[in-house]
Ligand SMILES: [Zn+2]
């Protein structure tokens, strides 16, 4: 299951392929989107925004294509005119003179006006994205202390896209290890110093993972930009305290932690 950094990198590669280039051909599988095909020709994709697992493809004419990949949707970049050999069902094709981006299998696809963008049910529910550079640690701290989040255990809270978008299972366990926190804690129980540390880690760790551009190094070599301290490391020694890393299911996902220093 991809998490924020992987989804943002996928959006980066789509942007690299077609951003700012006039669309020469637009094709949608769903009948309700067909009417937009001629509208988009000649327009450009200005940028692609990620909100958790949702992608917002913004067009120069003001419309936005909303797509949520759920479990099966996948984007591909191909040369213009190329038809990949695949069993997947094509849903969207946006082509420029040189490249095309293709969306397969996703079923959750809509075209939104600027007004619909502000009232879309999923987008209203989802929290700010941890990879959005405008989001600050102070804002995250306020969110941790908000009535709806302050009394929820971190094991579940950190997977809830309504709290912050872009976090997933490996980020959840790595952030809590970084902050020396057990999964059963709640923001309302933390000291000021712990709150500070957590609000920074909630942004720093996803951003470090993103900046490492997928070069997640599972080995213990020096110089790795981002590597897992506890994720998939049950039975190994914690590099901070020497405790043995454990694994158990929490909020229906495997959770990894060091009982020696995460208290
Ligand atoms: Zn430890």
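Derivation of every value follows stated rules applied to the coordinates shown; laboratory data play no part. Given the structure is predicted, the values throughout are model-derived calculations rather than measurements. Positions of Cβ are backbone-derived with ideal geometry, glycine not excepted, and every protein chain shown enters the neighbour counts.
Between the beta carbons of residue 125 and residue 240, assuming R0 = 41 Å, the FRET efficiency works out to 0.70 to the nearest 0.05. Summed over qualifying helices (DSSP H, 4 residues or more, each -39500 (n - 2.57)) and divided by its residue number, the chain shows a 222 nm mean residue ellipticity of -8000 deg cm²/dmol.
Take every Cα pair under 8 Å whose residues are at least 6 apart in sequence, average their separation, divide by the length of the range 137-257, and the relative contact order is 24 percent.
Relative to the longest principal axis of the Cα atoms of the chain, the long axis of helix 192-211 makes an angle of roughly 40 degrees.
Please list log₁₀ I(q)/I(0) at q = 0.10, 0.15 Å⁻¹ for the chain, using the Debye equation with identical point scatterers on the alpha-carbon positions. One equal scatterer on each Cα of the chain leads to -0.57, -1.08. Taking only the C-alpha atoms of the range 4-125, Rg followed by Dmax gives 13.3, 38 Å. The stretch between residue 37 and residue 136 holds 31.8 nm of extra length on full extension. This uses 0.36 nm per residue minus the Cα-Cα distance. Hey, if you drop one equal point scatterer on each alpha-carbon of the range 75-200 and run the Debye formula without solvent, what base-10 log of I(q)/I(0) do you get at q = 0.16, 0.18, 0.21 Å⁻¹? At q = 0.16, 0.18, 0.21 Å⁻¹ the computed log10 ratios are -0.87, -0.96, -1.14. Could you work out the relative contact order of the range 4-125? I mean the mean sequence separation of Cα pairs under 8 Å and 6+ apart, divided by the number of residues, in percent. Result for the range 4-125 is 26 percent. Taken over the range 52-105, the alpha-carbon convex hull comes to 82 cubic angstrom per residue.
FRET efficiency for residue 78 and residue 248, Cβ-Cβ distance as r, R0 = 41 Å, nearest 0.05? For residue 78 and residue 248, the calculated efficiency is 0.45.
How high is the relative contact order of the chain? Use alpha-carbon pairs under 8 Å, at least six apart in sequence, and give a whole percent.
Once divided by the residue count of the chain, the mean separation gives 16 percent.
At full extension, residue 204 and residue 27 could sit 59.9 nm farther apart than now, given 0.36 nm per residue minus the alpha carbon distance. Remark: spin-label model distance residue 196-residue 88 equals 4.5 nm, labels positioned 7 Å along the Cα→Cβ axis. In terms of overall dimensions, the C-alpha atoms belonging to the range 118-263 reach 46, 33, 30 Å along their principal axes, ordered largest to smallest.
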